[in-house]
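The values are calculated or read from the model by the stated rules, or taken from the named source; none is laboratory data. It should be emphasised that the depicted structure is a prediction, and the values quoted were computed from it without experimental measurement. In this analysis, Cβ positions are derived from the backbone assuming ideal geometry, glycine residues included, and neighbour counts consider all displayed protein chains.
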């Protein structure tokens, strides 16, 4: 009966059984997160194939425990068999538009764990600032951070984030977005960005990474060598979005290169030329990669195990894009309807909830290629003063 | 080197032991020069504004030294009523939250806290005469404002030169009142039978007015400001229409089927009750729109978004004072730099004579509480409300968005 006080033997122990723990490893796209939870009188049992499932089960268990008016903790008899629908359930934080202190990132990882997210997509650098302290190129953050003393992530900070995430079964996928979104790289790496021209003279401004210089690829190789070692996850996010061609077009040396390569006036070919080489470099470092959809849209030849990140809502309806990407044989990640930085009045959670990621025309094999999605919290209007209530 | 800031208050009665009011002088004159800077104001309220300005003039250099430039400032507010509305009924706001907000208001020279304290959802105001109201109407015993709490808010505000104008909104927006005060609300009918649900305050019963007389006696003594906000917005007539006794009353009064007349009948009586306690009142625009007989010093709050300039003309044209909120509903969040649209509002952009324009005494930024509680109030309200604060204090010609942007970015960091 409902009004009866909770009865039965007090539960004092939750037994956790993990078949193949892997407690010292890092979570990956293939990690098993399934678990079984059995609650009955005198017995609380959580079993999972891997430690990652046990973490999910513990979160569920904590949510099942209630407290009555007398302050007694109780839990209902229950039998749960649970596993995620999608293996990649991510959250993007942008620490370039506004620096986020470590505590903000760690707090976000906690809340991610409460919600069974398992990927932290760290969009760590971009145009406005470069807070990542590189050991190979210390000048990048020295010149590119908002403040080289107070608005940087040291090597130790980065490891703190990675380990804090790991303990919660969360993968950290770093994004070093190129060739666009790189203005902050310029000051610390002279010669990296394309100088824009006004007629025959340099305008004094810079554009995307300069794709025609050998020095660019030397730099990129060294940087990604470091990044590949620092971040243990198999995947890196290489960006590749929103490359503005105006600056390239203005630069006579680039125009000459275009002619030499027979690219005509199609700067998408130049973009692809860069991305191709970048992907080859990163592959040779033993990493897989995720790229924003433009890389796919612009016909870059990417490895079959590339993951394409669908984010645009305007040009092509995103469901169409999901169909196209998966049809071409690539795996897809969905973010387009989940740009949480685009706030609006009222219960907008409902619109996000109603999204059905597989609502596109395609074969079952295609649908299998949708590995999941990510909610994005771009930082143009977000810092530590408003991150938490905006995101959750 | 600056060694002293002398504060001189000129009036015989500086006002330190009294409450700020609509006619308080907030003007000040600040002369920063070494070795002694002088802040002169007529009343203490001006001194408070001047101290806020002085604190903003002081800046820190790269070595940690505090600096202030020689300056001569002669300042006074453009509008006398510069308010923020907080809603503690849709979501309870702990005292801490309200007090933090009063601090933020002082940083932005706001001088009115419009406390929309009760509404449909909950009744957190602990009444001395009618304890059942909050006993039954609050979300829980932990979600109330005791007389001490209320006193604290009023004093904390006073020390910052901020008036606290409570709003006890009737006859609509009163669902929570019915829990602790039986027979106050109108029973709704379906055909000949009561449905069990209730509508606005019942305007046909004497008991209603007995209650209101006693209730407003308490409110008038608890809240020292000369004004009380009586609400009067969004009265849904369906329930009244459904009730046979109300229909009978309409007939007897010769109101026909014009329920706006019944609403005005009710409001009239409340206005008279409140006047008898020597309080002035503010009302939402519907009360004026529905042609109730208002005392000449009634303040009409214009909140409806559709063509509010036209409403301002009507209200001031009829000789009433007005305050503007329509373009400043800050609960309506949207992506991007929406502060710009709040900043760009020019309150006097409505057709009217000089005399009429003088009747627009200010405005209020409203943060309705449907989606707001202590977890998100501060970042949602600020610094967006700062745009409204400047619009209400500064001269009409201070409109440059680029300049405002630079000052606002600095000001935001100061507020943190």
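Side notes on the structure shown:
- Some residue of the stretch B:43-53 being free of Cβ contacts under 8 Å to residues at least 24 places away in the same chain and either assigned to a loop (DSSP other than H, G, I, E, B) or within 22 Å of residue B:389 (Cα to Cα) (or both): no
- Flag for residue A:282 being assigned to a helix (DSSP H, G or I) and assigned by the TED database to the domain that holds residue A:233: yes
- Being in a strand (DSSP E or B) and touching a residue at least 12 places away in the same chain (Cβ under 8 Å) holds for only one residue in A:371, A:325, and it is A:371.
- Once the stretch A:259-278 is narrowed to residues that are out of contact with any helix residue (DSSP H, G or I) (no Cβ under 6 Å at 6 or more places or on another chain) and not in a helix (DSSP H, G or I), the residue that is farthest from residue A:207 (Cα to Cα) is A:262.
- Reported count of residues in the stretch A:18-38, each being farther than 20 Å from residue A:87 by Cβ and either under 23 Å from the mean Cα position of the chain (by Cα) or not assigned by the TED database to the domain that holds residue A:75 (or both), is 1.
- Checking residue A:269 against (1) surrounded by 14 or more Cβ atoms within 10 Å (Cβ to Cβ); (2) touching a residue at least 12 places away in the same chain (Cβ under 8 Å), the condition it does not meet: (2)
- Inspection of the stretch B:348-361 finds a residue satisfying the criterion of being farther than 16 Å from residue B:233 by Cβ, in the same structural domain as residue B:228 (by the TED database) and touching a residue at least 60 places away in the same chain (Cβ under 8 Å).
- Of residues in the stretch B:343-384 being over 16 Å from residue B:90 (Cα atoms) and out of contact with any helix residue (DSSP H, G or I) (no Cβ under 9 Å at 6 or more places or on another chain), the one surrounded by the fewest Cβ atoms within 10 Å (Cβ to Cβ): B:354
Here is a yes/no grid of residues against (1) assigned to a helix (DSSP H, G or I); (2) in contact with a strand residue (DSSP E or B) (Cβ under 9 Å, 6 or more places away or on another chain):
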| position | (1), (2) |
| --- | --- |
| A:197 | no, yes |
| A:217 | yes, no |
| A:227 | yes, yes |
| A:233 | no, yes |
| A:236 | no, yes |
| A:248 | yes, yes |
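- Hits in the stretch A:188-218 - residues which are within 26 Å of the chain's Cα centre (by Cα) and either closer than 30 Å to residue A:27 by Cβ or surrounded by 15 or more Cβ atoms within 10 Å (Cβ to Cβ) (or both): A:188, A:189, A:192, A:193, A:207, A:208, A:209, A:210, A:211, A:216, A:217
- Restricted to helices (runs of 4 or more DSSP H) entirely inside the stretch B:236-341, those with at least 1 residues that are assigned by the TED database to the domain that holds residue B:193 and within 30 Å of residue B:408 (Cα to Cα) are B:308-317.
- Reported count of residues in the stretch A:348-392, each being more than 14 Å from every other protein chain (Cβ to nearest Cβ), more than 21 Å from residue A:306 (Cβ to Cβ) and within 19 Å of the chain's Cα centre (by Cα), is 2.
- In this structure, residue B:258 does satisfy being touching a helix residue (DSSP H, G or I) at 6+ places or on another chain (Cβ under 9 Å), without any contact (Cβ under 8 Å) to a residue 12 or more places away in the chain and either surrounded by fewer than 16 Cβ atoms within 10 Å (Cβ to Cβ) or closer than 28 Å to residue B:144 by Cβ (or both).
- Qualifying residues in the stretch A:219-230 (those that are in contact with a helix residue (DSSP H, G or I) (Cβ under 7 Å, 6 or more places away or on another chain) and buried (at least 19 other Cβ atoms within 10 Å of the Cβ)) - the one farthest from residue A:157 (Cα to Cα): A:220
- Residue match in the stretch B:82-95 (condition: touching a residue at least 24 places away in the same chain (Cβ under 8 Å), surrounded by fewer than 22 Cβ atoms within 10 Å (Cβ to Cβ), out of contact with any strand residue (DSSP E or B) (no Cβ under 8 Å at 6 or more places or on another chain) and within 28 Å of residue B:17 (Cβ to Cβ)): no
- Among the candidates A:45, A:55, residue that is outside the structural domain of residue A:333 (by the TED database) and not in a helix (DSSP H, G or I): A:45
- Residues that are part of a helix (DSSP H, G or I), more than 10 Å from chain A (Cβ to nearest Cβ) and over 20 Å from the mean Cα position of the chain (by Cα) within the stretch B:365-412 comprise B:401, B:402, B:403, B:404, B:405, B:406, B:407, B:408, B:409, B:410, B:411, listed in sequence order.
- Condition check for residue A:37: crowded, with 19+ Cβ neighbours inside 10 Å and in contact with a strand residue (DSSP E or B) (Cβ under 8 Å, 6 or more places away or on another chain): yes
- Qualifying residue in the stretch B:130-152 (condition: in a loop (DSSP other than H, G, I, E, B) and within 30 Å of residue B:322 (Cα to Cα)): no
- Looking only at residues in the stretch A:332-347 that are assigned to a strand (DSSP E or B) and surrounded by 20 or more Cβ atoms within 10 Å (Cβ to Cβ), the one that is farthest from the other protein chains (Cβ to nearest Cβ) is A:332.
- Test: residue A:249 is at pLDDT 95 or above and touching a helix residue (DSSP H, G or I) at 6+ places or on another chain (Cβ under 6 Å): no
- The C-beta contact set for the stretch A:198-209 (first residue in contact (Cβ under 8 Å) with a residue 40 or more places away in the chain, second residue exposed (fewer than 15 other Cβ atoms within 10 Å of the Cβ), distance under 9 angstrom, 6+ apart or interchain) comprises A:198/A:204; A:200/A:252; A:205/A:198; A:207/A:244; A:207/A:246; A:208/A:244.
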